[in-house]
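Quick note: the coordinates plus some simple rules give every number you see, no bench work behind them. Just so it is clear, the model here is predicted, and its values are computed rather than measured. Note that each Cβ is placed from the backbone with ideal geometry, even for glycine, and that neighbours are counted across all protein chains shown.
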Amino acid sequence: MSCLLEVTALCKTYRKQHGLFRQETIKALENISFQLHAGKTLAIVGETGSGKSTLAKVLVGIEQPDQGEIRLAGKVVTMTNYRKYNHVIRYLFQDAERALNPSQKIGDMLTDVLRFSTVLDNLQRQQKVLESLQQVGLMDEHIDFYPHMFSAGQQQRIALARALILDPKLLILDEALTVLDPTLRAQIVNLLLELQQQKGLAYLLISKNLRLVRHISDHCIVMQHGQVVESGPTEQLLTQPQHAHTRKLMGMS
Ligand SMILES: Nc1ncnc2c1ncn2[C@@H]1O[C@H](COP(=O)(O)OP(=O)(O)OP(=O)(O)O)[C@@H](O)[C@H]1O
């Protein structure tokens, strides 16, 4: 199976200024390495502040790593070619409502993504917008709706349509399903699994919800203080956790 994402020895340090003289150094990522294959889901778990979101931000180019290498489909990714690889990796945010512009119709929002990142003409853009709405179970007439006219579950579907419209290979789900109630979450999870089967999409799932991690991920990485403390096939890792921190996350110690 092809390796879609290969991360090697990734490091990221933040510097926080306290008053005039004191500077705090926070090692948010220390020597992180992993691989993710097409069509698979990798979960990143860890307590607050362990570095999960920093990892996601580095992968989508919001933050720049200090050291390490990211390879996508075998090619090294750098900040200078970020625009090229933002087609390949897309980010689904936690709070869909806040991530959507309240004063922009859904159709215009999706068209803007295509206008910014593709060379499609008007007609092709219109077709692509309708296709991506259908893909997530929304209807053609929704192009004229504003975000507030949708339920929380539908807003997450719109965010998903926006993430999928450039036909990415990898979707980062950063606590993206946390705010949904269990019924809506189940619907979106089923949709994500269907899309994964149809399109061979890979997911990087960042979640504190271990039941969800168990349900949808193949492989799991446990982070603590910016380091990977344990990793392995999800089922094995969650049934036989080796590291004390994993057991703590599972409420076993
Ligand atoms: N922009 C920033 N400037 C300074 N420090 C930061 C910044 N972003 C994150 N940090 C620090 O880096 C560390 C890792 O944060 P990060 O948000 O990646 O953790 P997380 O595991 O995603 O936490 P959560 O589950 O709460 O989202 C934390 O100590 C955090 O305070």
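When only the Cβ of Lys, Arg, Asp and Glu is charged (+1, +1, -1, -1), the dipole of the chain relative to its Cα centre reaches about 540 debye.
Pick from Val119, Val60, Val136: which is most flexible by mean-square fluctuation in a GNM of the chain where alpha carbon atoms under 10 Å apart are linked? Judging by the Gaussian network model, the answer is Val119. In the P(r) worked out for the chain, what percent of Cα pairs fall beyond 24 Å? Result for the distance tail: 50 percent. Among the lysines of the chain, pairs that are 8 or more positions apart or on different chains and have alpha carbons within less than 15 Å of each other number 14. Going by alpha carbons, how many degrees (0 to 90, nearest 10) lie between the helix axis of 152-164 and the longest principal axis of the chain? The helix 152-164 is inclined about 90 degrees to the chain. Each semi-axis of the equivalent ellipsoid for the range 23-109 is √(5λ) with λ an eigenvalue of the Cα gyration tensor; in descending order they amount to 25, 19, 15 Å.
Here the peptides 139-146, 158-165 are ranked by packing, the mean other Cβ count within 10 Å, and the order with the highest first is 158-165, 139-146.
Just need log10 I(q)/I(0) for the range 96-167 at q = 0.17 Å⁻¹, Debye formula, equal scatterers on the alpha-carbon atoms, no solvent, rounded to two decimals. The calculated log intensity ratios at q = 0.17 Å⁻¹ are -0.52. Axis of helix 106-117 versus longest Cα principal axis of the chain: the two differ by about 70°, to the nearest ten degrees. Quick check: the distance between the Cα centres of the range 191-214 and the range 122-180, to the nearest angstrom? Answer, in whole Å: 16.
Please sort 214-227, 196-209 by packing, taking for each peptide the average over its residues of neighbouring beta carbons within 10 angstrom, highest first.
Result, highest mean Cβ count within 10 Å first: 214-227, 196-209.
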